[in-house]
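Since every read-out is calculated from the coordinates, none of them should be taken as a lab result. Quick caveat, the model's predicted, so the values are computed rather than measured. With ideal geometry, Cβ positions are generated from the backbone for all residues, glycine too; neighbour counts draw on all protein chains shown.
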Amino acid sequence: MEHSDSLKLNEQICFPLYVLSKEITGLYRPLLEELDLTYPQYLVMMVLWEEDGLTVSHLGEKLFLDSGTLTPLLKRLENKGFISRIRKKEDERIVELFLTENGKNLRQQACGIPEKLLEQIHVQIEDLKKFKETLSQLIKNIKK
């Protein structure tokens, strides 16, 4: 059998990405608890703060999530009073998502989160931008 370094954990790109994702999400947790949001719920809210009235399918495309994953997430946000889900009259299979007043007001409370997170990770904003560009290109390459 041939020995290969390609199977060593420290040679894998997936492992540091996994650890980074887990750690960053952990840093968000206490900040989001103040808003009564989980990290996936925060992602949904950020998309809706940007573009209210999206359909579930468009939201899924933006977040790379399927409707089976989104549906319970959206139900919880609706139960918390942050969004409303409304079926289109023309086609009841299509569900549109709208921020409630509470959901809109939550945006103001969330505005400081990115800055607080940045303070915790001690990385220059320019380095983060380059890293994000590289990650975005990787995602684009994989999704082709």
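With respect to the chain, whose longest principal axis is taken over its alpha-carbon atoms, helix 67-79 is tilted by about 50°. Computed over the chain, relative contact order equals 19 percent, with contacts defined as Cα pairs under 8 Å that lie 6+ residues apart.
Identify all aspartates and glutamates with a Cα-Cα distance to LYS80 below 15 Å; exclude those on the same chain that are fewer than 8 residues away in sequence. By straight Cα distance, LYS80 reaches GLU33, GLU34, ASP36, GLU101. Inter-label distance, GLU11 to MET46: 3.4 nm, where each label sits 7 Å from its Cα along the C-beta direction.
As a rough guide to protection, the peptides 74-87, 98-111, 124-137 ranked by mean Cβ packing within 10 Å, highest first, stand as 74-87, 98-111, 124-137.
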